Amino acid sequence: MLRLLFLIPAILCLIWYLYLRHNGYTVSQGKQGFKYILIFSAVIGGFYTLLLWLTHL
């Protein structure tokens, strides 16, 4: 499960990109959304890393 965590930001970015293209926006107009996705994914990754570290003590 943990080795597939990189798919979370990849899938979310793909969905965001498809949303932008469908609604006629450019990638540069949706740049803030990509930043939010990456920050959200980093928080999830950090949370799982912390849990893994805490439970392996």
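Every read-out reported here was derived from the displayed coordinates using simple, explicitly stated rules and does not represent laboratory data. These numbers come from a predicted model, not from an experiment. Counting neighbours? That spans all protein chains shown, and the Cβs are built from the backbone with ideal geometry, glycine included.
In degrees, nearest 10, range 0 to 90: what is the angle between the Cα axis of helix 31-55 and the longest Cα principal axis of the chain?
It is inclined by approximately 10 degrees.
From the helices alone, meaning DSSP H stretches of at least four residues, give me the mean residue ellipticity at 222 nm for the chain, per-run term -39500 (n - 2.57), in deg cm²/dmol to the nearest 500.
-25000 deg cm²/dmol
Would you mind counting up the charge near VAL27? Only other residues with Cβ under 15 Å from its Cβ, with Lys and Arg at +1 and Asp and Glu at -1.
It works out to a net charge of +3.
Modelling each spin label as a point 7 Å along the Cα-to-Cβ direction, I'd like the PHE6/LEU38 distance in nm, to one decimal.
Going by the 7 Å Cα→Cβ label model, 1.6 nm.
Relative to the longest principal axis of the C-alpha atoms of the chain, give the angle of the C-alpha long axis of helix 7-22, reported between 0 and 90° and rounded to the nearest 10°.
10 degrees
Considering the Cα positions of the chain, please state its Rg to one decimal place and its Dmax as a whole number of Å.
When restricted to the Cα atoms of the chain, Rg and Dmax are 14.4, 50 Å.
Using a 7 Å offset from the Cα along the Cα-to-Cβ direction at both TRP16 and LEU50, what is the distance between the two label points in nm, to one decimal?
Here the answer is 2.2 nm between the modelled labels.
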